[in-house]
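The values are calculated or read from the model by the stated rules, or taken from the named source; none is laboratory data. Note that the structure is predicted; figures quoted are calculated from it, not measured. Heads up, the Cβs are rebuilt from the backbone with ideal geometry, glycines too, and the neighbour counts pull from every protein chain shown. To get the accessible areas, we keep the full protein, side chains included, count just its heavy atoms, and leave off ligands, DNA and RNA. Shrake-Rupley method; radii C 1.70, N 1.55, O 1.52, S 1.80 Å.
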Amino acid sequence: GARLADELQAGLDAGAGALRVAPLDLADLGSVREFASSWSGPLHILVNNAGVMAMPTLTRSSEGWEAQFATNHLGHFALARQLHGALAAAGGARVVSVASIGHLFSPVVFDDLHYRFRPYDPWTSYGQSKCANILFAVGAAQRWAQDGITANALMPGNVGDTALARHIPPDVLAAIASGDGGIALPVPKRIPQGAATSALMAGSPVVEGITGRYFEDCAEAAVVPERGERTAGVASYALDQDNATRLWDLSADLLNLPR
């Protein structure tokens, strides 16, 4: 962490300000609490970007929750909730929830979030967690508008050369990239291209005041009626207000937070 901070600081323009780095493990609620409690002052932009993908076997957190849902959704939900005061203090803060086209693989299965009944599958599990990322933005947009906070979700793109793909065997990753892996994906992007939509939602005046939406390729995504071989679009279940409310309440209950 310190080495990365030094590298990033060195790349900043003169006068751009200091870079502060702190440890944060989204799979560890104690780490989330420690990070949030150490924050001081207003927070203008929160980009929930970290996550895990396609864990090959069913893995549970210390609380017994399925690990992708626990890390990708509940960790970010806990972080954002605990930083809400700092976001509200900023007066016009933006929350950016990095989701994925993978949300088309599965809606949030409220009756079996943690795979206690259905067979575990790495991709439906990932899809459920990414759908939850979108529903979080929908829920936060509704609840935090009075605080001047906007919240949106996005698909960064098919960026395969990061640690996110570490759980996918190289041969499977190559098959997916070539279109032979049984998963339809958009054309691959380089890391800067993949960061572009996040940067748009976090800082551009073009999206000032827009909230509760899902973007891809720096534009709002179209709602699609089915997955098929689609490599773009957002499912209606991921933008559904009732689903967002149900997930918000359920997540708050799991984390012992007020609804």
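Secondary structure note: in the chain, about 15% of the DSSP beta bridges are antiparallel. Here the label points at Arg246 and Ala22, each 7 Å from Cα along the C-beta direction, are separated by 3.5 nm in the simple model.
If you run the Gaussian network model on the chain, springs between alpha carbon atoms under 10 Å, then out of Asp147, Asp112, Asp121 the most flexible one is Asp112.
Would you mind classifying segment 182-259 by shape? Square roots of the alpha carbon gyration tensor eigenvalues, ordered a ≥ b ≥ c; an a/c under 1.5 is rounded, otherwise it is prolate if a/b is larger than b/c and oblate if not. Verdict is oblate for segment 182-259. When only Cα pairs below 8 angstrom with a gap of at least 6 residues are kept, the chain shows a relative contact order of 19 percent. A DSSP coil position with no more than 16 other Cβ atoms inside 10 Å describes the following chymotrypsin sites (Phe, Trp or Tyr not before Pro) in segment 19-67: Trp39. GNM remark for the chain: springs join alpha carbons under 10 Å apart, and the peak mean-square fluctuation among Ile45, Ile191, Ile149 falls on Ile191.
Within the listed set Leu19, Leu43, Leu104, the residue fluctuating most in the Gaussian network model of the chain (springs between alpha-carbon atoms under 10 angstrom) is Leu19. Based on protein heavy atoms only, the chain ends up with 48 Å² per residue of surface accessible to a 1.4 Å probe. For the pair segment 51-68 and segment 225-244, the centres of their Cα atoms are 23 angstrom apart. Once neighbouring chains are kept in place and the probe is 1.4 Å, which whole percent of the accessible area of the chain is contributed by carbon and sulfur? Ligands and nucleic acids excluded, carbon and sulfur give 56 percent.
Taken over the chain, the ratio of Cα radius of gyration to 2.2 N^0.38 Å equals 0.98. The solvent-accessible area of Val206, taken with every protein chain present and a 1.4 Å probe, is close to 110 Å².
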